[in-house]
Amino acid sequence: DWLAQNPDTLVLDIETGFNNRYHPGEGFGLAYIDYYNSANTIFPAPIEDDRLAGKDWIHLVRVGDEAVAYPIERLAQLGFVQDEIGGVPVVVLATGGANSGNGASGRGGGRAYAAGEVRFVEASGGAALSDDGRSWQVSEEALIGPAGERLERWPSFNAFWFAVVYLAAETRLFEG
């Protein structure tokens, strides 16, 4: 998806000297598929929060001093979540599998956008959202409304739950 939208992008050489499966069509996650499919971490990781398994995949959105973790599995079921973080309305979308830029082998991921005063009611396969019957197109940079209005993408990322709990223990877990 990225390359189709940004054909002039330059990347580092995938010929690293290691026998990892980074080749086109195999997906980045295949090089780490055994790790992603195991409950074990590469290094000891103290997990003192059992609301999720340590290697459950989440999408983390931080606004000011507040952070919210959205379990990817639940986000994928819902398609999107409209929420308020640090007093700011946001919409968090589920994204596709292995090619979603998340680094995990087909686990999907998320993206967050400022929601402003728009109240979304439906998602269409990660490509569009609708509010009161109007369709908003999803792009890398923003949600684009039918009249050209833009809701900018909010900084956020996908991570394992153990890493979030260790680095930001005060993170709110979305449980909707």
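The values are calculated or read from the model by the stated rules, or taken from the named source; none is laboratory data. Computed from a predicted model, the values in this text were never measured in an experiment. All Cβ positions, glycine included, derive from the backbone under ideal geometry; neighbour counts span all protein chains shown. Ligands, DNA and RNA are stripped out before the accessible areas are found, and what is left, the full protein with its side chains, is counted by its heavy atoms. Shrake-Rupley method; radii C 1.70, N 1.55, O 1.52, S 1.80 Å.
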- Item | Count of region 117-144 residues which are part of a strand (DSSP E or B) and in contact with a helix residue (DSSP H, G or I) (Cβ under 9 Å, 6 or more places away or on another chain) | 1
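From E84, E73, E66, E48, which residue is within 20 Å of E170 (Cβ to Cβ), free of Cβ contacts under 8 Å to residues at least 40 places away in the same chain and open to solvent by 50 Å² or more (accessible area, probe 1.4 Å)?
E84 is the lone residue from the list that is within 20 Å of E170 (Cβ to Cβ), free of Cβ contacts under 8 Å to residues at least 40 places away in the same chain and open to solvent by 50 Å² or more (accessible area, probe 1.4 Å).
Residues are listed down the side, and each one gets a yes or a no for (1) farther than 30 Å from A53 by Cβ; (2) within 19 Å of the chain's Cα centre (by Cα); (3) open to solvent by less than 30 Å² (accessible area, probe 1.4 Å):
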position	(1), (2), (3)
G116	yes, no, no
G125	no, yes, no
V138	no, yes, no
E149	yes, no, no
F162	no, yes, yes
